[in-house]
Amino acid sequence: MKSSYLRWGFSLSAQHIFLCLLVVLLLMIGVVPTAFSHGVAEGDALFIEQATGVQLIPYIYLGAKHMVTGYDHLLFLVAVIFFLYRMKEVSIYVTLFAVGHSITLLYGVLSETHVNPYIVDAIIGLSVVYKALDNLGAFRTWFGFQPNTKAAVLIFGFFHGFGLATKLQDFTLSEEGLIANILAFNVGVELGQILALGAILIVINFWRKTQSFSRQAFAANVILMFSGFTLVGYQLTGYLTIS
């Protein structure tokens with residue numbers, strides 16, 4: 001795949017980096033409100049705690065809901081497809097992401113492998129930063145090489161899956177029907193991803209047809225980068241003050 005961002009000639013100045021570091025500093029001293037956290041709704045949490053036996057439809061719903069409301073996952077998805085113009089390319093990258101987070105979601109819950117939720121969510125924030133920088137052509141400009149984007153999407157997908165797993169591991173899951181329910185939850189996550197992807201593609205394809213896209217694409221990826229740093233800062237604040 002030829003890197004589409006090269007057509008825009010993007011480069012990051014020292015001012016951009018300074019502003020990003022300033023945002024992280026502000027976040028680290030606790031400026032970010034708890035509204036930035038992304039967890040499980042109170043009603044959904046109550047259901048998970050009380051549910052017993054096979055509950056396929058509810059868990060599919062919960063998985064889909066978690067994905068379409070998971071702004072951290074959606075930000076990464078937007079960044080991944082931002083400069084993908086062919087559906088074949090979109091399908092490849094989204095499939096790699098889905099495979100990655102499916103493996104670690106299922107593995108994390110079923111094997112009871114626990115990771116620190118703040119650390120893994122901080123890495124998820126970094127995944128958004130990475131892809132925004134990739135879209136801006138920063139790696140080629142700074143280091144003279146282009147990382148393997150497919151491998152990066154798959155690897156970050158693993159961390160996104162662990163992030164999903166940590167949300168479920170906050171609860172006492174019934175052993176009765178556990179495997180079926182977690183598989184149903186994963187199916188829901190994929191359905192939610194498809195729904196979100198469809199909406200994102202409609203919006204971004206319409207945007208690409210406007211004359212302003214070439215001017216606004218740089219700013220959009222800078223915003224994505226700042227959003228990723230915001231997620232990182234919030235999670236590191238939680239890790240240092242709560243964990």
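The values are calculated or read from the model by the stated rules, or taken from the named source; none is laboratory data. As the structure is a computational prediction, the values presented were derived from the model and not from experiment. Heads up, the Cβs are rebuilt from the backbone with ideal geometry, glycines too, and the neighbour counts pull from every protein chain shown. Note: areas computed on protein heavy atoms with side chains; ligands, DNA, RNA excluded. Shrake-Rupley method; radii C 1.70, N 1.55, O 1.52, S 1.80 Å.
The number of residues in segment 39-81 that are open to solvent by less than 20 Å² (accessible area, probe 1.4 Å), out of contact with any Asp or Glu (no Cβ under 6 Å at 6 or more places or on another chain), outside any helix (DSSP H, G or I) and not hydrophobic (A, V, I, L, M, F, W, C) comes to 1. What number of residues within segment 155-172 are under 14 Å from residue 94 (Cα atoms) and surrounded by fewer than 19 Cβ atoms within 10 Å (Cβ to Cβ)? Here the count works out to 1. The residue list 185, 206 contains one member that is touching a Gly at 6+ places or on another chain (Cβ under 6 Å) and either closer than 30 Å to residue 52 by Cα or open to solvent by 50 Å² or more (accessible area, probe 1.4 Å) (or both), which is 185. Flag: residue 148 does not match the condition of being more than 17 Å from residue 73 (Cβ to Cβ), modelled with pLDDT of 90 or more and surrounded by 14 or more Cβ atoms within 10 Å (Cβ to Cβ).
Let me confirm something: among 171, 156, which residue is under 18 Å from residue 108 (Cβ atoms), touching a residue at least 60 places away in the same chain (Cβ under 8 Å) and assigned to a helix (DSSP H, G or I)? Full working, then the answer.
Working: 171 fails: assigned to a helix (DSSP H, G or I).
The unique qualifying residue is 156.
Against the conditions (1) free of Cβ contacts under 8 Å to residues at least 24 places away in the same chain; (2) crowded, with 21+ Cβ neighbours inside 10 Å, residue 88 satisfies every one except (2). Going through 184, 196, 219 one at a time, which residue ends up being part of a helix (DSSP H, G or I), closer than 15 Å to residue 135 by Cα and out of contact with any Ser or Thr (no Cβ under 9 Å at 6 or more places or on another chain)? Only one candidate qualifies: 219.
Applying a threshold of 9 Å to beta carbon distances and a minimum spacing of six or more residues, or different chains, the list of pairs starting in segment 114-141 at a residue that is at positive phi and ending at one that is outside any helix (DSSP H, G or I) and not charged (D, E, K, R) reads 137/3; 137/9; 137/10; 137/11; 137/12; 137/146. The residue that is farthest from residue 226 (Cα to Cα), among those in segment 116-139 that are open to solvent by 50 Å² or more (accessible area, probe 1.4 Å) and aliphatic (A, V, I, L, M), is 119. Residue 175 meets the conditions (1) in contact with a Leu (Cβ under 8 Å, 6 or more places away or on another chain); (2) modelled with pLDDT under 90; (3) loosely packed, with under 14 Cβ neighbours inside 10 Å in every case but one. The failed one is (1).
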